Amino acid sequence: MDALSEVLKIVKLRGALFFNAEFSAPWCVASSQSSKVAPLLCPGADHVIIYHHLTEGRAYAQLPDGSHRDLGPGDVVIFPHGDAHVLGGGPGKGSGPSKPVDSLKIFAKNLSNGLKVARYGGGGELTKFVCGFMACDPRLSEVVLAGLPAMFVVNIAHDAAGQWLANSIQFSVREAGGPGTGSDVVLAKLSEVLFVETLRRFVQNLPDQQKGWLAGARDPVIGEALALMHKDPAHPWSIANLAHQVGVSRTRFAERFRHFLGEPPMAYLARWRLKLAAEKLVSSDANVAQIAAEVGYASEAAFNRVFKREFGCPPAQYRRSRAAAAIA
């Protein structure tokens with residue numbers, strides 16, 4: 001999974017655990033799409049991934065289209081594209097005791113209280129959740145997120161490593177807001193570890209016939225090639241030297257890459273370089289020529305042409321328009 005590691009280094013995930021809840025059956029809460037929640041959780045974030053870690057009890061998660069998953073202890077349910085969803089427990093799946101209540105309305109005050117326990121429900125069977133988010137740049141994270149469903153569930157309690165992570169999270173949540181210093185930093189790191197570990201386990205369990213970036217990252221040949229390209233995107237890669245690096249023929253490499261990614265290796269690399277360039281234009285003060293060189297273009301003129309073809313405007317104009325949008 002080196003390819004996934006290399007991408008996650010660039011994507012610059014920023015996470016936090018933000019909610020600690022005890023629900024008693026029957027209960028049902030509705031969460032808005034992440035674009036509405038993001039200003040409360042991480043102001044200025046372009047995209048927020050929401051997830052919920054069930055530590056005790058039983059529950060269900062449901063999307064607006066009716067897609068439904070039952071949840072048990074140790075399950076982590078993730079909504080990578082920020083879809084609106086419902087969580088509930090007890091009778092009346094999909095509707096709860098009457099109808100879902102808006103989680104923002106009933107729990108907004110808890111977001112300012114650190115991780116103090118929020119309680120809600122009808123007094124029956126108890127279910128406990130710890131909720132977190134990951135903020136990321138949608139341009140760079142697209143390569144990973146595009147291969148994910150609207151909702152997926154992974155259990156982290158089935159082995160020693162997962163149990164250690166779950167125990168660490170529960171301990172840190174209990175300690176949050178106490179006299180110790182640095183708890184926010186610890187919780188942020190645990191949030192990131194939980195998300196990455198859940199993503200890794202999801203990829204490991206993909207069916208053999210699965211296609212897409214995540215399946216390619218798992219493949220020994222294509223995964224190694226992806227890791228090489230993402231680790232050093234400015235290198236003058238070619239199909240020939242990538243095939244040599246991963247130990248297969250040019251033909252086999254090109255065919256296998258297209259099988260998983262749906263496009264030739266050089267086309268994929270070109271798009272990734274432009275995504276990196278777009279991010280650098282927004283996040284740094286480097287001039288266009290410097291950025292062009294950093295992503296593998298020897299000629300600023302050539303870089304300007306391909307960038308305009310991809311984004312509809314030259315790099316300098318793209319930078320100005322994004323800066324103006326941020327101010328507005």
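The values are calculated or read from the model by the stated rules, or taken from the named source; none is laboratory data. Everything quoted here is computed from the prediction, not taken from an experiment. Cβ coordinates were reconstructed from backbone atoms using ideal geometry, including for glycine residues, and neighbour counts include every protein chain displayed. These accessible areas exclude ligands, DNA and RNA; they are computed on the full protein's heavy atoms, side chains included. Shrake-Rupley method; radii C 1.70, N 1.55, O 1.52, S 1.80 Å.
Remarks
- Karplus 3J(HN,Hα) series, Hz, for the range 230-243 with 6.51 cos²θ - 1.76 cosθ + 1.60 (x for Gly, Pro): 6, 6, 9, x, 7, 4, x, 5, 9, 4, 5, 6, 5, 4
- Taking all protein chains as shown and a probe of 1.4 angstrom, Cys313 keeps an accessible surface of around 20 Å².
- For the range 172-307, convex hull volume per residue from C-alpha positions, Å³: 144 Å³
- Surface accessible to a 1.4 Å probe, per residue, for the residues of the chain, Å²: 48 Å²
- Flagged links, alpha-carbon separation over 20 Å, of Lys105/Lys189; Lys211/Lys231; Lys12/Lys105; Lys12/Lys189; Lys36/Lys105; Lys36/Lys211: Lys105/Lys189; Lys211/Lys231; Lys12/Lys105; Lys36/Lys211
- Based on Cα atoms of the chain, Rg over Rh with Rh as the Kirkwood radius reads 1.01.
- In the chain, the longest principal axis of the Cα atoms and the axis of helix 265-283 are about 70 degrees apart.
- Taking one quarter of the surface of the convex hull spanned by the alpha-carbon atoms of the range 214-282 gives a direction-averaged projected area of 4.4 nm².
- With 5 Å bins from 0: P(r) over the range 273-328, alpha-carbon pairs, percent: 4, 22, 35, 25, 9, 3, 1
- Remark: spin-label model distance His68-Trp164 equals 3.8 nm, labels positioned 7 Å along the Cα→Cβ axis.
- For the range 134-200, the alpha-carbon coordinates run over 41, 29, 16 Å along the three principal axes, in decreasing order.
- Remark: the range 15-172 carries a charge dipole of roughly 480 debye about the Cα centre, counting +1 on each Lys and Arg Cβ and -1 on each Asp and Glu Cβ.
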